[in-house]
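Visitor: Just passing along the structure, written as structure tokens.
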Amino acid sequence: MNEVSKGHGTFAVSTNENFNRLPYKPAQSFRITNVSGKMVGIRDRHSVHILDDFESGYDAWSVTEGSTIEKFGGLEIEGANSPVISGIAYTEMPTLSKESIIEVKFRVIYGDASFGFFDDVERVPLITTGTAGTTISLNEAGGASTSAPSAVDLDWKKGKDYKLSIEVHPDTEQFTADLFDGVKKYNIAQGADSTNDDGGGGGIIEPMSGFLFAVRGQQVVIDSLVLKKKESYPNEIIANGSSFSFKCLESIDEYELVNLGSDARGFGDNTDSITLTGYYEV
């Protein structure tokens, strides 16, 4: 389990000719300083798209036989229309590219819960087995397992709000999953394999088009389904000897860096590994 507390402090990040993301540090802003002798590029990693906030209803979702998705009668997670799922509900995803992230907020009222991607509707009911598609399952003992397969102790609680983040890598058929409780981050899986070679199949694969996102539980409330789409934005330049501040939505790892080299060496030294330091605060 990877547990990171919310707060403020210093950080360091290394990069070379390839883009490298900043470390996970919950923050509203950060300042980064470049004394590497090189020119450095920095950019946002993702654009943010709300796939469903449920304020207009649940028409984008389907359910398996005997399952329901309906308005939750208790405290909403966000807005005024958080749905509660009893059984299995699923919705179609847009095409997901490498390093795209799907996030969903949820609260388990009773029992356990599972979340996953499937390549077709016939495989969706296999979310109950945890051995097909690309799934993350939370058990009643407070632990989590994945279709990789893998398992980890989390000590998650019923009745508490969480956010699940799943980063997909269709090109390598791998995924990373993290759980957030508003204060801490818990790593569930890091670069875990899909189930295309072992298991029931139907896991993430390139091109990841027409996939379904499914949720299973006895009583699980969900809200705010978000896509963070990997982008290749133009770099902002951090010249040697300079320091700049940047705003964050949630964490400094929303940004990535690349070594652009130095003018003195014709920018051919961008393959050197360099390290920048900074300060972040909530």
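Visitor: So, THR68, is that one more than 29 Å from ILE205 (Cβ to Cβ), out of contact with any helix residue (DSSP H, G or I) (no Cβ under 7 Å at 6 or more places or on another chain) and β-branched (Val, Ile, Thr) or not? If you could, list the steps in order and put the result at the bottom.
Guide: Numbers: more than 29 Å from ILE205 (Cβ to Cβ): yes; out of contact with any helix residue (DSSP H, G or I) (no Cβ under 7 Å at 6 or more places or on another chain): yes; β-branched (Val, Ile, Thr): yes.
So THR68 passes the test.
Visitor: Next question. Can you name every residue in segment 100-118 that is aromatic (Phe, Trp, Tyr) and either crowded, with 18+ Cβ neighbours inside 10 Å or closer than 28 Å to GLU206 by Cβ (or both)?
Guide: Within segment 100-118, PHE106, PHE115, PHE117, PHE118 qualify.
Visitor: Which ones in segment 267-282 are charged (D, E, K, R) and assigned to a loop (DSSP other than H, G, I, E, B)?
Guide: Once the filter is applied, which keeps residues that are charged (D, E, K, R) and assigned to a loop (DSSP other than H, G, I, E, B), segment 267-282 yields ASP269, ASP272.
Visitor: Do the conditions hold for VAL121, that is, is it surrounded by fewer than 21 Cβ atoms within 10 Å (Cβ to Cβ), at pLDDT 95 or above and either within 27 Å of PRO23 (Cα to Cα) or of a type in the set (Lys, Arg) (or both)?
Guide: no
Visitor: So, in segment 90-104, exactly how many residues are within 25 Å of SER150 (Cβ to Cβ) and either assigned to a strand (DSSP E or B) or hydrophobic (A, V, I, L, M, F, W, C) (or both)?
Guide: Selection size over segment 90-104: 8.
Visitor: What is the residue count in segment 105-141 for residues that are out of contact with any helix residue (DSSP H, G or I) (no Cβ under 9 Å at 6 or more places or on another chain), in a strand (DSSP E or B), within 17 Å of ASP193 (Cβ to Cβ) and among the hydroxyl-bearing types (Ser, Thr, Tyr)? Steps first, please.
Guide: Initial filter on segment 105-141 (out of contact with any helix residue (DSSP H, G or I) (no Cβ under 9 Å at 6 or more places or on another chain)): 105-113, 117, 119-131, 134, 136, 138-141.
If we keep only those that are in a strand (DSSP E or B) too, we end up with 105-113, 117, 134, 136, 138.
Within this subset, residues satisfying the condition of being within 17 Å of ASP193 (Cβ to Cβ) are 117, 134, 136.
The next check asks that each one be among the hydroxyl-bearing types (Ser, Thr, Tyr); those that pass are 134.
Count: 1.
Visitor: Follow-up question, since we're still on this one. All but one of (1) outside the structural domain of LEU225 (by TED's automatic domain parsing); (2) surrounded by 13 or more Cβ atoms within 10 Å (Cβ to Cβ); (3) at pLDDT 95 or above; (4) not in a strand (DSSP E or B) hold for ASN18, so report the exception by its number.
Guide: For ASN18, the failing item is (2).
Visitor: I've got another one for you. When the residues of segment 144-203 are filtered to those that are among the aliphatic types (A, V, I, L, M), at pLDDT 95 or above and in contact with a Leu (Cβ under 8 Å, 6 or more places away or on another chain), which remaining residue is surrounded by the most Cβ atoms within 10 Å (Cβ to Cβ)?
Guide: Out of the qualifying residues, it is VAL168.
Visitor: Taking segment 156-198, which residues are among the acidic types (Asp, Glu) and assigned to a strand (DSSP E or B)?
Guide: GLU167, ASP178, ASP193
Visitor: Does SER145 satisfy the criteria of being outside any loop (DSSP other than H, G, I, E, B), in the same structural domain as VAL221 (by TED's automatic domain parsing), touching a residue at least 24 places away in the same chain (Cβ under 8 Å) and more than 21 Å from LYS230 (Cβ to Cβ)? Don't jump to the end; show me each part of the working.
Guide: Details: outside any loop (DSSP other than H, G, I, E, B): yes; in the same structural domain as VAL221 (by TED's automatic domain parsing): yes; touching a residue at least 24 places away in the same chain (Cβ under 8 Å): no; more than 21 Å from LYS230 (Cβ to Cβ): yes.
No.
Visitor: State which residue is farthest from the chain's Cα centre (by Cα) when the search covers only segment 21-38 and only residues that are within 17 Å of CYS248 (Cα to Cα) and surrounded by fewer than 21 Cβ atoms within 10 Å (Cβ to Cβ). Reasoning before the result, please.
Guide: Looking only at segment 21-38, we keep the residues that are within 17 Å of CYS248 (Cα to Cα), and these are 21-33.
Add one more test, that the residue is surrounded by fewer than 21 Cβ atoms within 10 Å (Cβ to Cβ), and what stays is 21, 23-24, 28-29, 31, 33.
Details: ARG21: 14, PRO23: 14, TYR24: 12, GLN28: 18, SER29: 20, ARG31: 24, THR33: 27 Å.
Filtering segment 21-38 for residues that are within 17 Å of CYS248 (Cα to Cα) and surrounded by fewer than 21 Cβ atoms within 10 Å (Cβ to Cβ), the one farthest from the chain's Cα centre (by Cα) comes out as THR33.
Visitor: For ASP269, are the conditions met, namely being exposed (fewer than 15 other Cβ atoms within 10 Å of the Cβ) and either modelled with pLDDT under 95 or touching a His at 6+ places or on another chain (Cβ under 7 Å) (or both)?
Guide: no
Visitor: Moving on. Assigned to a strand (DSSP E or B) and assigned by TED's automatic domain parsing to the domain that holds LEU154 - does that describe any residue in segment 199-209?
Guide: Scanning segment 199-209, I find at least one residue that is assigned to a strand (DSSP E or B) and assigned by TED's automatic domain parsing to the domain that holds LEU154, so the answer is yes.
Visitor: In segment 70-78, is there at least one residue being touching a Lys or Arg at 6+ places or on another chain (Cβ under 9 Å), under 27 Å from TYR255 (Cβ atoms) and modelled with pLDDT of 95 or more?
Guide: No, segment 70-78 has no match at all.
Visitor: Among the residues of segment 215-255, which ones are touching a Leu at 6+ places or on another chain (Cβ under 7 Å) and more than 30 Å from SER62 (Cβ to Cβ)?
Guide: Just the residues of segment 215-255 that are touching a Leu at 6+ places or on another chain (Cβ under 7 Å), to begin with: 225-227, 252-253, 255.
Within segment 215-255, ILE252, ASP253, TYR255 qualify.
The values are calculated or read from the model by the stated rules, or taken from the named source; none is laboratory data. A quick note: this is a predicted structure, and the numbers were derived from the prediction, not measured. When we count neighbours, we look across all protein chains shown, and the Cβ atoms used for this are built from the backbone with ideal geometry, even at glycine.
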